Structure formats: C-alpha cells, structure tokens
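These notes concern the structure reproduced below.
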Amino acid sequence: MEHMRVPLPNGRAFIYLALVAGLGVSLLPLGSATPLPETTHFFTETGFAVTGRFLAMWQGPYTYEESVAINGYPISDAHYEVSPDDGQIYLVQWFQRARYELHPEQAPPNDVQLGRLGVVAARGRQDQPAFQPVPEPADLGPTRAWYPETQHTLNAAFLAFWTQYGSWKQFGFPISEPLQERNQIDGQTYQVQYFERARFELHPGAAPAFGDVLLGQLGVEQYLDAPGGPPTPAPSPTTPPGATPLPAQP
C-alpha cells in the first residue's frame, strides 16, 4: 500500500510557523477572538455592583478610601435615563456623591461623564449673594484662585481638595462662593461651596486625611430622596420607533 507524502514547508515557512508556535500567537482572524469579561465589583455597603467603564472611572488613580470620598458608594444599578442637559438617553449609574453617564460616542476616558448635580442643587439660587459672580481678586496666590469660566473664587482647604482629586474634570468649576448652609442629611450647619458637579463641605475634625473636606451626598438627595422617589428609568436607546421614553427627574 502506498503512503501519501505530506509536503513539508520550505525553510522560511517552517521558521515562521515555529516562531508563531513558540510565541503562542493565534493564526485565527482577529475578529474571532473572544473579548475579555468586564471587571465587576460588588459593594456590600449598599448592595449594588459596578462594572466595566463605570468601575474604572470610580477607581481612577485613587485608593479605595479616596474613591469613596470622591464618589461615594453606588446607590442604584446601571440603567437608562434621559439626560437633563441634552435630552438624550444614556446608560447611567447613581452614587452617593455622583451620577455617571456613559457616552459611547466619545473615546475613553471621556466616554464616562459626570452629571451636573451641583447645578441641579443650586437651581433657583442664582440671585442669592453667594451665587453672584465676583470680579477677579487682586490677592490671588497658592491658596486662592479665581476662575473666569464661572467667575468665582476657590480658597484654602477647598482649593487643595479640588486640585488634588480631579479639579474641573471631576467636580466642575465653582458656581458659588463659600456660604453657611444646613445639611439635609444630619441637620448640622457647615461652610459649603457649590461646583458644577459637587458640593464641598467643611467638617472640622471629621476628615483630617482630606483636610476636613467632605463632599455633600448630592446623589442621595437627588436620587434616593427625590420627591416622588428615584427617577423613572428610560427605555434603552434601541427602543422601537414610536415609543416615547420617560424623562428623568431633575
């Protein structure tokens, strides 16, 4: 019986195949690769999980304690809502101190954007003295800044926290001057300052690692404690034509 002869690869092809095998490189088309599963972290503190790009945003370059101080724990699952800024539907997730929105049309890291919770919290207060724009002071320095974008100052402990933990990308620019305000959660009065995406509060002796600066829980106030309950989730953007999405509560 005659045996079939299998042709061996020529010298160059043999060397190429040997290198491929040694490096563990797949010869399958790139499109056939199985994507890696997204990383998920379950927060026992509130009973919600955060996944993928939202988790990467929450972690940032910070320690766990710093991320909690900046964003708080998740207080909702990821769901769709209508943005109060542009009326579009985005995948969002609420945290004690922030609301994340996924904008897939943007490349990372700009695909995760923070809701303007400070603007919502300050709505209707533009005529109050602390929210009036101020001219550029003459005594600017390392502990005192002024921002032409919103025409407000930022000083001392608030400036240090803002600079160290993300500045305008995380918190937005200041939209008020410091003022005394009663906290909705504990009923105490603190010095506070409003930013486009946050409210800074000075709690003497409560958080020495952060210069005694704590962020107000605007996510709790605007989501869990919202009149009528949490905002109604909107349908996915893939909702069939003709369906009417439910608007998010401001």
Being under 23 Å from the mean Cα position of the chain (by Cα) and at negative phi narrows it down to one of Tyr223, Tyr190, so name that one. Tyr223
Look through the range 160-191, keep the residues that are buried (at least 21 other Cβ atoms within 10 Å of the Cβ) and among the hydrophobic types (A, V, I, L, M, F, W, C), and return whichever of them is nearest to Gln217 (Cα to Cα). Phe171
For the range 61-71, does any single residue satisfy the condition of being surrounded by 12 or more Cβ atoms within 10 Å (Cβ to Cβ), in a loop (DSSP other than H, G, I, E, B), at pLDDT 95 or above and not β-branched (Val, Ile, Thr)? yes
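Have a look at Ala145, Ala130, Ala157 and point out the one that is touching a residue at least 12 places away in the same chain (Cβ under 8 Å) and in a strand (DSSP E or B).
Working: Ala130 fails: in a strand (DSSP E or B); Ala157 fails: in a strand (DSSP E or B).
Criteria check complete, one pass: Ala145.
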Condition check for Gly87: modelled with pLDDT under 95 and on the phi > 0 side of the Ramachandran plot: yes
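Every residue, every condition in (1) aliphatic (A, V, I, L, M); (2) under 30 Å from Glu45 (Cβ atoms); (3) surrounded by fewer than 13 Cβ atoms within 10 Å (Cβ to Cβ); (4) modelled with pLDDT of 95 or more, yes or no:
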{"site": "Gln93", "(1), (2), (3), (4)": "no, yes, no, yes"}
{"site": "Leu102", "(1), (2), (3), (4)": "yes, yes, no, yes"}
{"site": "Glu105", "(1), (2), (3), (4)": "no, no, yes, no"}
{"site": "Leu114", "(1), (2), (3), (4)": "yes, yes, no, yes"}
{"site": "Val119", "(1), (2), (3), (4)": "yes, yes, no, yes"}
{"site": "Gln126", "(1), (2), (3), (4)": "no, no, yes, no"}
{"site": "Pro129", "(1), (2), (3), (4)": "no, no, yes, yes"}
{"site": "Pro135", "(1), (2), (3), (4)": "no, no, yes, yes"}
Here the residues within the range 174-213 that are among the basic types (Lys, Arg) and in contact (Cβ under 8 Å) with a residue 60 or more places away in the chain are Arg197, Arg199
Give me the residue from the range 93-106 that is closer than 23 Å to Gly72 by Cβ and without any contact (Cβ under 8 Å) to a residue 24 or more places away in the chain and, out of that set, farthest from the chain's Cα centre (by Cα). His103
Please state which one of Pro137, Pro109 is of a type outside the set (Gly, Ala, Ser), in a loop (DSSP other than H, G, I, E, B) and not assigned by TED's automatic domain parsing to the domain that holds Phe173. Pro109
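The values are calculated or read from the model by the stated rules, or taken from the named source; none is laboratory data. Everything quoted here is computed from the prediction, not taken from an experiment. All Cβ positions, glycine included, derive from the backbone under ideal geometry; neighbour counts span all protein chains shown.
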